[in-house]
Amino acid sequence: QCSSPARFKMAAIGCAVPARIQTASLAPTPRLGPLRGHHQPSGVPQARNRSRQQALSGRSRLIVCAAEKNKTPFEDFKGFKWKWEKPKDVGYEGVGSDVRCNLNVEFEEAILGAEKEVEFQAKVFCEKCKGQGMLKGTTIRCTPCEGKGRALTSRKLKVKVPAGVQSGSTVRLKEQGDFGEPPGSLLVNVVAPWSTSTIRRDGADLYSDVKVTQKALDEGTTVTVVTVEGSEGSLKVPPNTKSGAHLRIKGRGAPTAIGNMEERGDHYFRLVVSE
């Protein structure tokens, strides 16, 4: 038996060790932790030890799992495709709104029809961000459209004004309004005068005054008149015609239906005695 410290050290190498000493040396090392019934100081060391044990145990499970599958822990991410999704409050997805504007036309243009240019503002597809509201592949909000996918822009467009329109009539141009799916329409409100210095309009009929002398009305005469197209014509005044009488040119008024020049009202010329 080894009794001295020196002899005890030698016994660990070659001497016989008592059974009680062997049992003590083979016992597992106890895990450090709080002892029941004893007050442990609260604070960081205890929480740090617990977090470290959890992290080690989780890492061990990950390594074991990877070893069982015969692959590295990061091979599960192979083939994974990242998809960028824009926030819900940017870009535009919806029906485009209608846009309204006014168009001033001349009296003759409202009667006969014309092609005019109209200028208006509408929200168009933003070319910089391609309607997404964000710059491509980023979360940077597009400045021109303020993240809406549509930018307010001034536009010019040729408008065909149909013959026979009146002041307050609306011309609709489909898909020329705000951008959307589908786009809105452009609603053009026509503003036209009801009369000129020589012609006034009442529905589909037109009226003009022709000045004549009383002698011409008594004896009869021929007067020169101008139609809405600007062409001149001659009308015969029979003898003994009273002042205020009307002479008519049939089919030279405004269209009875918008856009239909085949059916027109009449143009009346009232004879007025001049001093």
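The values are calculated or read from the model by the stated rules, or taken from the named source; none is laboratory data. Computed from a prediction, not measured in an experiment: that's the story for all the values here. Glycine also receives a Cβ, built like all others from the backbone with ideal geometry; neighbour counts cover every protein chain displayed. The accessibility values were calculated without ligands, DNA or RNA, using every heavy atom of the protein model including side chains. Shrake-Rupley method; radii C 1.70, N 1.55, O 1.52, S 1.80 Å.
Tabulated results
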{"quantity": "Flag for Asp202 being closer than 30 Å to Pro162 by Cα and without any contact (Cβ under 8 Å) to a residue 12 or more places away in the chain", "calculated": "yes"}
{"quantity": "Pairs, first free of Cβ contacts under 8 Å to residues at least 24 places away in the same chain in region 164-186, second of a type in the set (Asp, Glu) and assigned to a loop (DSSP other than H, G, I, E, B), C-beta under 7 Å, six or more apart", "calculated": "none"}
{"quantity": "Pick from region 110-135, criterion assigned to a loop (DSSP other than H, G, I, E, B) and either open to solvent by less than 30 Å² (accessible area, probe 1.4 Å) or under 30 Å from Gln166 (Cβ atoms) (or both), ranking: modelled with the highest pLDDT", "calculated": "Gly113"}
{"quantity": "Subset of region 258-272 (residues that are in contact with a strand residue (DSSP E or B) (Cβ under 9 Å, 6 or more places away or on another chain) and open to solvent by 30 Å² or more (accessible area, probe 1.4 Å))", "calculated": "Met261, Glu262, Glu263, Arg264, Tyr268, Arg270, Val272"}
{"quantity": "Candidates Thr153, Thr138 - the one that is in contact (Cβ under 8 Å) with a residue 12 or more places away in the chain, of a type in the set (Ser, Thr, Tyr) and more than 20 Å from Asn189 (Cβ to Cβ)", "calculated": "Thr153"}
{"quantity": "Sole residue being open to solvent by 70 Å² or more (accessible area, probe 1.4 Å) and not small (Gly, Ala, Ser), chosen from Thr138, Thr198, Thr153", "calculated": "Thr198"}
{"quantity": "Close pairs (7 angstrom Cβ cut-off, 6 or more residues apart or separate chains): in contact (Cβ under 8 Å) with a residue 40 or more places away in the chain and over 14 Å from Val273 (Cα atoms) in region 215-226, assigned to a strand (DSSP E or B) and open to solvent by less than 70 Å² (accessible area, probe 1.4 Å) anywhere", "calculated": "Val225/Ser208; Val225/Val210; Val225/Gly233; Val225/Leu235; Val225/Phe269"}
{"quantity": "Qualifying residue in region 243-257 (condition: open to solvent by 80 Å² or more (accessible area, probe 1.4 Å), farther than 30 Å from Leu173 by Cβ and over 53 Å from the mean Cα position of the chain (by Cα))", "calculated": "yes"}
{"quantity": "Glu219 open to solvent by 50 Å² or more (accessible area, probe 1.4 Å) and on the phi > 0 side of the Ramachandran plot", "calculated": "no"}
